[in-house]
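So the structure is just underneath, and the comments pick up after that.
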Amino acid sequence: MRRLAQHALFWPSATLALLLLVNAAFNPSFLAISWRDGHLYGNLIDILNRAAPLMIVSLGMTLVIAIRGLDISVGAVVAIAAAVAALLVGGGFSADGTAASEYPLWFALGAALLAATVCGLWNGVLVVKAGMQPIVATLILMVAGRGVAQLLTGGQIITVYYPPYYVLGSGFLLGVPVALWIAVLLWAVLQWLATRTALGLFIRAIGGNPDAARVAGVRAADIALCVYTFCGLAAGLAGLIISSNVKSADANSAGQLLELDAILAVTLGGTALTGGRFSLAGTVLGALIIQTLTATIYSLGVPPEVNLVVKAALVFAVMLLQSAEFRALLKRTLRPGAGAA
Amino acid sequence: MRRPLLPLAITVALFVAMAIFGGVRYQGFLSLQVFLNLLIDNAFLCVVAVGMTFVILSGGIDLSVGAVIALTTMISAALLHAGWNAWAVMATVLAIGAAFGAVQGFLIQRFGLAPFIVTLAGMFLARGCCYLISTESIPISDATYTAIAQARIPVGFDASLTVGAVIALAVVLGGMRIAHATEFGRTVYAIGGGESAARLMGLPVAATRIRVYLLSGCMAALAGVVMTFYMLSGYSLHAVGLELDAIAAVVIGGTLLAGGVGYVAGTLFGVLILGIIQTLIAFDGTLSSWWTRIVVGVLLLLFCLLQRLFEARTRSKA
């Protein structure tokens, strides 16, 4: 039992289980999964589907935080990717009245991902080559990025009528949401890279002590550049899913506050904000906790606005528990005299 | 010229250049009222940016200020609605803002937490509390508030200032005095320059850091009061993203984000530059408002690169 409690994934899993139990207690059919219209159906599937974009962004963020970085521009990158894709697919119709895509779908999606990757690379260059603090470097794109997205869309919300575009956000493959496939696939690849190749070790080394890692021969600068670029790509992928799900691109509100949710998911998953210690599976659980929390608040009939207060309380609790000073204080309060013995 | 003054000089020169550009290009741009309007329309930004300057000088950051402003407008509107006296409302919200900041400062100082994440959670909390009060906009019809909102202070040449703008100027002057002529100000610079050195010098690091966040929270609440005069309503979506504008103004004003170097006066010019960008775009008429964000982003980039250049030169000299 003690060993179980010390496992890195114990607390995130327990939190998620607790949330699900609370839901099940109030709504017995909450955990039910059925087969409807040729795919899985139920609250849990809905949560998984909605959590997918957050999972994807948070996976990218996990690696950035693991190398002592931070990327607060992901929300803006989501808006840019959505704008590029929606712009290239266009809201047009062909001569016979059916919705048509202006450019081939693969081209539109590819261009959107490319734009997002360039955004990530840009952040990486500012941090690694220009030596800026990560929060400042990504602040620049956070401020300007949404402006760029609005410039692309002309300040309008672009609605897409081309059905194949909807597959990413609301389609199903083998009964499971396509977005979930993408998120799980991404996690599996990253997990493989982090555990079966030296990359995980390198990232831990950089996060633990950048200078020591460099001296030990880790190509810290190159890896950091790749990590930021990947974070941009992940945000772009999430942007495509989000925009596909709402069948439009809104430069102003797409991905709003997503950077905060992503950081929260990473923290909840047990990744240390000081770098070095990270858990990809924990991040996935963290994203699920956030989405389940939202669903819980809705299903309990509490005004959805309370969500922000609950999230704030969660962040305070998690960061205090991560702080060595707080744990020391807690130990002294709970077991007075233990220090003297 | 003393080296830390150079970024400030660049900022002032940039402001003057933009003003001349506007004057040459657009008719009626070079009038006193246009420039006073920069201050009137950005009074709340100016107040909050002065508080942010102290936080950044100490090497920290405060992301909660925009949300604290919104919370202040909400609490003000709700209390006025409940029939409170206007002055009592102002005193109450300032106290709440200061307490909010102090708690954040305490968490950062006592438990060694990252300022960024603490104030992020504070931002969630303050916005969430706004929604708890009401999700709708609450209009304000209190006699004192409307009188203050409509008051105009003539400054000659047919030009005038609002009460909010006067408060902003007073805050800048007060901030300059605190930063450069008090023990507290010196300690803030010392902490930003090097925390362990400041501690070894026997400076009250812990108390000062908490007071820095207290000051920032209090300034955010004061900015909220100024915004309440400006908008005459309380709304949970007031001042969304204002923390970014405030940070941008401080950086453009020449304060190093690493802490320890900068001037409160620079922040005033940072705010004025953000304001003049908007005014230029408004005068042009053909450019859309999102250009503001792009131009601010580009300016942020240039100033950050400039800062890196200064740091690199200082290091190579040392």
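If you add up the charges near B:M18, with Lys and Arg at +1 and Asp and Glu at -1, over every other residue whose beta carbon is less than 13 angstrom from its beta carbon, what do you get? Please report the intermediate quantities before stating the final value.
On the way: positive: B:R25; negative: B:D284.
Residues close to B:M18 contribute a combined charge of 0.
Rg over Rh for the protein assembly as shown works out to 0.97, using Cα positions for both radii and the Kirkwood form for Rh.
Contact-buried residues of region B:272-290, at a threshold of 10 Å² lost accessible area versus the chain by itself: B:W290 (1.4 Å probe; DNA, RNA and ligands ignored).
Count, for each residue of A:312-323, the Cβ atoms from other chains sitting within 10 Å of its Cβ, then give me the mean as a whole number. It would help to have the intermediate numbers written out before the result.
Working: counts 12, 4, 2, 8, 8, 1, 2, 8, 4, 0, 3, 6.
Going residue by residue through A:312-323 and averaging, the value is 5.
Test of understanding: what is the full-extension gain from B:S141 to B:V298, defined as 0.36 nm times their sequence separation minus their Cα-Cα distance? List each step's numbers first, then the result.
Details: separation 157, 0.36 × 157 = 56.52 nm, distance 4.07 nm.
Result for the pair: 52.4 nm of gain on full extension.
Give me the residues in region A:149-168 whose solvent-accessible area, probe 1.4 Å, is reduced by at least 40 Å² once all protein chains are included instead of the chain isolated. Residues passing the criterion (a loss of at least 40 Å², heavy atoms only) are A:Q150, A:L151.
Computed over the alpha-carbon atoms, region B:5-313 gives an Rg to Rh ratio of 0.97, Rh here being the Kirkwood radius from the mean inverse distance.
Here the Karplus relation 6.51 cos²θ - 1.76 cosθ + 1.60, evaluated at θ = phi - 60°, turns the backbone of region B:244-259 into coupling constants of 5, 4, 5, 4, 4, 4, 5, 5, 5, x, x, 7, 6, 5, 6, x Hz, with x for every Gly and Pro. Computed on the Cα trace of region B:239-318, the radius of gyration divided by the Kirkwood hydrodynamic radius gives Rg/Rh = 1.05. Whole-Hz Karplus values for region A:137-151 come out as 4, 7, 4, 4, 5, 4, 6, 7, x, 5, x, 4, 4, 5, 4 Hz, taken residue by residue from phi with 6.51 cos²θ - 1.76 cosθ + 1.60 and θ = phi - 60°; glycine and proline positions read x. Using C-alpha pairs below 8 Å separated by at least 6 residues, the relative contact order for chain B is 34 percent.
Interface size between chain B and chain A, please: total buried accessible area, 1.4 Å probe, rounded to the nearest 100 Å². It comes to approximately 3500 Å² buried between B and A. The alpha-carbon of A:K129 sits under 12 angstrom from the alpha-carbons of these aspartates and glutamates, leaving out residues fewer than 8 places away in its chain: A:D222. Panel note: contact residues of region B:113-151 (accessible area lowered by at least 40 Å² against the chain on its own; 1.4 Å probe) correspond to B:L113, B:F116, B:I117, B:L120, B:A121, B:F124, B:L125, B:Y131, B:L132. Per-residue ellipticity at 222 nm, computed for the protein assembly as shown from helices alone with -39500 (n - 2.57) per DSSP H run of at least four residues, works out to -23500 deg cm²/dmol.
Building the convex hull from the alpha-carbon atoms of region A:37-330 and averaging its projection over directions returns 17.5 nm². Legend: calculated FRET efficiency, A:T333 to A:Y41, from the Cβ-Cβ distance at R0 = 45 Å, rounded to 0.05, equals 0.40. Using +1 at the C-beta of Lys and Arg and -1 at the C-beta of Asp and Glu, which of B:G105, B:T73, B:V226 has the Cα lying farthest in the positive direction of the dipole of chain B? The listed residue farthest towards the positive side: B:G105. Under the simplified labelling scheme, the B:I153-A:A8 pair shows an inter-label distance of 5.8 nm, with each label point 7 Å from Cα along Cα→Cβ.
When only Cα pairs under 8 Å and 6 or more residues apart are kept, what is the percent relative contact order across region A:25-124? Please report the intermediate quantities before stating the final value.
Details: 69 pairs, mean separation 16.8, N = 100.
So the answer I get is 17 percent.
Projecting the Cα atoms of A:G120, A:G75, A:I45 onto the charge dipole of region A:37-330 (Cβ charges, centred on the Cα centre) puts A:G120 farthest toward the positive pole. The residue among B:G262, B:F310, B:S134 whose Cα reaches farthest toward the positive pole of the charge dipole of region B:5-313, with charges on the beta-carbon of Lys, Arg, Asp and Glu, is B:F310.
Expressed as a whole percent, the accessible area of chain B that falls on carbon and sulfur atoms is 67 (1.4 Å probe). Taking the Cα centre of region A:37-330 as origin, work out the dipole magnitude from +1 charges on Lys and Arg Cβ and -1 charges on Asp and Glu Cβ, in debye rounded to 20. For this selection, approximately 760 debye. Measuring nothing but protein heavy atoms, the accessible surface of chain A at 1.4 Å probe radius is 67 percent carbon and sulfur.
For the pair region B:185-255 and region A:241-309, the centres of their Cα atoms are 28 angstrom apart.
Would you work out the charge dipole size for the protein assembly as shown about its Cα centre, treating the Cβ of every Lys and Arg as +1 and the Cβ of every Asp and Glu as -1, and quote it to the nearest 20 debye?
On the way: 34 positive and 23 negative charges, 461 e Å.
Dipole magnitude for the protein assembly as shown comes out near 2220 debye.
Solvent exposure of the protein assembly as shown amounts to 43 Å² per residue of accessible area, where only protein heavy atoms count and the probe is 1.4 Å. Counting heavy atoms of the protein chains alone, B:I167 has an accessible area of about 40 Å² for a 1.4 Å probe. A cut-off of 5 Å between modelled amide H atoms, ignoring neighbours fewer than 5 places along the same chain, links A:Q256 with no other residue. Across chain A, Cα pairs under 8 Å and at least six residues apart give a relative contact order of 30 percent.
The values are calculated or read from the model by the stated rules, or taken from the named source; none is laboratory data. Computed from a predicted structure; not experimentally measured. Here the Cβ is made from the backbone with ideal geometry for all residues, glycine too, and neighbour counts use every protein chain on show. Heads up: the accessible areas ignore ligands, DNA and RNA and are worked out on the full protein's heavy atoms, side chains in. Shrake-Rupley method; radii C 1.70, N 1.55, O 1.52, S 1.80 Å.
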